[in-house]
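The values are calculated or read from the model by the stated rules, or taken from the named source; none is laboratory data. Quick caveat: nothing in here was measured; it's all calculated off a predicted structure. Glycine also receives a Cβ, built like all others from the backbone with ideal geometry; neighbour counts cover every protein chain displayed.
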Ligand code: CMP
C-alpha cells in the first residue's frame with residue numbers, strides 16, 4: 001500500500017524524475033494519447049468502430065485526470081514534506097494554484113460539453129484544454145512567465161509602435177488605392193486587412209496595391225514589419241538571457257555561501273565572485289583532473305569529497321577545500337590526478353576568471369597561493385624522501 005507521501009510524489013511529479021524516467025514522462029504520454037484521440041476522432045465517421053475506440057480512449061484519459069485530481073487534493077498536505085498545520089489549508093493552496101486550476105479545467109472539460117447538450121463528438125472538443133497540461137507539467141513555465149514580466153514594458157512599446165504603423169498604413173493605403181480597387185480598399189477597416197497581412201510580413205497576396213504610391217507604401221510597411229519583429233525577438237532573447245543569469249547568480253550565491261573559504265568575505269566580494277563561478281554536479285568516480293594535463297580551471301568543493309591521488313598517501317579533500325590551483329598559479333602541468341569519491345557539487349573557476357579575480361581580489365588569491373606553495377613544498381619533500 002502506497003503512503004500518502006509516495007502518492008504525493010507520484011501525482012505531483014516531485015522526485016518522480018529521479019526515481020524513473022518513465023514515471024516522469026507518463027503524464028505527458030497520457031495527455032498526448034487523449035489529445036491525439038480527440039484530434040483523430042474528428043476525421044472519422046461517427047459511430048464507426050474506430051470512433052468508438054477513440055471515444056473510449058478520451059473517456060479513459062478523462063477518468064485518469066479525475067483520479068489524479070482527487071489524489072492531488074488528498075495528498076496536498078504532504079507539500080511541505082512534513083505535516084502542515086492545516087490539511088484543509090494545503091488542499092486549498094493546491095486548488096488555488098495555477099496548476100490546480102489547469103487540473104480542474106482538464107476535469108471539467110468533458111462534463112462542460114455534456115452539460116451544454118452537445119453531441120458526444122462535439123463535447124469531446126472541449127478536451128482540447130488538456131493541452132494546458134503540457135504547460136502545467138513544464139518546469140520552464142515559471143521561467144517563461146518571469147521573462148515575459150521582465151520584458152513587458154519594452155514589448156508594450158513595440159506593440160504600440162506596431163499599432164501606430166498599422167493605422168497609418170491602412171489610412172494611406174485607403175487614400176492611395178480606393179479609386180483603383182474600390183472593393184478591397186473601400187474603407188479603412190477594409191484596408192486594415194491588407195495592412196496587418198503586410199506588416200506582419202505574412203503577405204497572403206489576396207489584396208495587393210496596384211498604384212505606384214500604394215506599392216511604395218507597401219515596401220515601407222514590409223520593412224517596418226521586419227524591424228518590429230526583430231526588435232520583439234531581441235527584447236525577449238535579452239530578457240531570457242538576463243533571467244537565466246539571475247537564476248545562475250542566485251543558485252551560485254547559495255553554494256558560495258556554503259564554502260567556508262568565502263564566508264569571511266563581505267557581500268560585495270561574494271557578488272564579484274559569484275559572477276565568475278559555475279556550479280558543476282559530479283558523480284562519484286569522475287576524474288576531474290588528470291596528472292600531466294594542462295590546467296585551465298580550479299575547483300572549490302561545496303559538498304561531497306575529492307581525492308588527490310598522491311603517492312604514497314592520497315589526500316582527501318573535504319567541503320570547503322579547493323584543488324587545481326597549482327597549474328594556474330605556477331603555469332605547470334597538473335601535479336596529480338584528482339578523483340571525486342562521493343557525489344559532489346563543485347564550483348569551477350576558469351583560468352581567465354582566476355586572473356581577473358587576482359586583479360580584483362588579491363587577498364583571496366593570496367590565500368590560494370599560500371596553500372598552493374605549501375602543497376608544492378609537501379610534494380617536493382615527498383619526492384625527495
Ligand atoms: P594542480 O596541480 O593544478 O592539479 C592537481 C591538484 O591536486 C593540485 O593542483 C592541487 O590542487 C592538488 N594537490 C596537489 N598536491 C596536493 C597536496 N599535497 N595536498 C592537497 N592537494 C594537493
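Among the residues of the range 314-325, those that are out of contact with any helix residue (DSSP H, G or I) (no Cβ under 7 Å at 6 or more places or on another chain) and within 15 Å of residue 335 (Cβ to Cβ) comprise 314, 315, 317, 323, 324.
In this structure, does residue 315 turn out to be in contact with a strand residue (DSSP E or B) (Cβ under 8 Å, 6 or more places away or on another chain), more than 10 Å from the ligand (Cβ to nearest atom), modelled with pLDDT of 95 or more and more than 21 Å from residue 276 (Cα to Cα)? Please lay out each step first, then the result.
Working: in contact with a strand residue (DSSP E or B) (Cβ under 8 Å, 6 or more places away or on another chain): yes; more than 10 Å from the ligand (Cβ to nearest atom): no; modelled with pLDDT of 95 or more: yes; more than 21 Å from residue 276 (Cα to Cα): yes.
Considered against the rule, which asks whether it is in contact with a strand residue (DSSP E or B) (Cβ under 8 Å, 6 or more places away or on another chain), more than 10 Å from the ligand (Cβ to nearest atom), modelled with pLDDT of 95 or more and more than 21 Å from residue 276 (Cα to Cα), residue 315 comes out as no.
For the range 290-312, the set of residues classified as over 15 Å from residue 349 (Cα atoms), touching a strand residue (DSSP E or B) at 6+ places or on another chain (Cβ under 9 Å) and more than 10 Å from the ligand (Cβ to nearest atom) consists of 303, 304, 305, listed by residue number.
Only one of (1) surrounded by 14 or more Cβ atoms within 10 Å (Cβ to Cβ); (2) free of Cβ contacts under 8 Å to residues at least 40 places away in the same chain; (3) within 11 Å of the ligand (Cβ to nearest atom) fails for residue 270. Which number is that? With (1) surrounded by 14 or more Cβ atoms within 10 Å (Cβ to Cβ); (2) free of Cβ contacts under 8 Å to residues at least 40 places away in the same chain; (3) within 11 Å of the ligand (Cβ to nearest atom) applied to residue 270, the lone miss is (3).
Of these, 124, 137, which one is out of contact with any strand residue (DSSP E or B) (no Cβ under 6 Å at 6 or more places or on another chain) and more than 26 Å from residue 2 (Cβ to Cβ)?
So the residue among 124, 137 that is out of contact with any strand residue (DSSP E or B) (no Cβ under 6 Å at 6 or more places or on another chain) and more than 26 Å from residue 2 (Cβ to Cβ) is 124.
Are any residues in the range 305-331 surrounded by fewer than 17 Cβ atoms within 10 Å (Cβ to Cβ) and either without any contact (Cβ under 8 Å) to a residue 24 or more places away in the chain or in a strand (DSSP E or B) (or both), and if so, which ones? Those that are surrounded by fewer than 17 Cβ atoms within 10 Å (Cβ to Cβ) and either without any contact (Cβ under 8 Å) to a residue 24 or more places away in the chain or in a strand (DSSP E or B) (or both): 313, 314, 315, 316, 318, 331. From the list 339, 287, 345, the lone residue that is in contact with a strand residue (DSSP E or B) (Cβ under 7 Å, 6 or more places away or on another chain) and within 27 Å of residue 264 (Cβ to Cβ) is 345. Being at pLDDT 90 or above, over 30 Å from residue 41 (Cα atoms) and touching a helix residue (DSSP H, G or I) at 6+ places or on another chain (Cβ under 6 Å) is a description that does not apply to residue 152.
Here residue 246 meets the list (1) without any contact (Cβ under 8 Å) to a residue 24 or more places away in the chain; (2) in contact with a strand residue (DSSP E or B) (Cβ under 6 Å, 6 or more places away or on another chain) almost entirely, failing just condition (2). For the range 353-371, a residue qualifies if it is more than 39 Å from the chain's Cα centre (by Cα) and within 12 Å of the ligand (Cβ to nearest atom), and exactly one does: 371. For residue 249, are the conditions met, namely being over 17 Å from residue 361 (Cα atoms) and either under 19 Å from the mean Cα position of the chain (by Cα) or surrounded by 12 or more Cβ atoms within 10 Å (Cβ to Cβ) (or both)? In short, yes. Just one of (1) in contact with a helix residue (DSSP H, G or I) (Cβ under 6 Å, 6 or more places away or on another chain); (2) assigned to a loop (DSSP other than H, G, I, E, B) fails for residue 236. It is (2).
Out of curiosity, is residue 285 outside any strand (DSSP E or B) and either farther than 22 Å from residue 256 by Cβ or near the ligand (Cβ under 8 Å from one of its atoms) (or both)? Quick ask: steps written out before the conclusion?
Details: outside any strand (DSSP E or B): yes; either farther than 22 Å from residue 256 by Cβ or near the ligand (Cβ under 8 Å from one of its atoms) (or both): yes.
It is true that residue 285 is outside any strand (DSSP E or B) and either farther than 22 Å from residue 256 by Cβ or near the ligand (Cβ under 8 Å from one of its atoms) (or both).
Under the condition of being under 11 Å from residue 306 (Cα atoms) and within 8 Å of the ligand (Cβ to nearest atom), the residues counted in the range 324-347 number 2. Exactly one residue out of 104, 64, 108 is under 26 Å from residue 145 (Cβ atoms), at pLDDT 95 or above and in contact with a helix residue (DSSP H, G or I) (Cβ under 8 Å, 6 or more places away or on another chain): that is 104.
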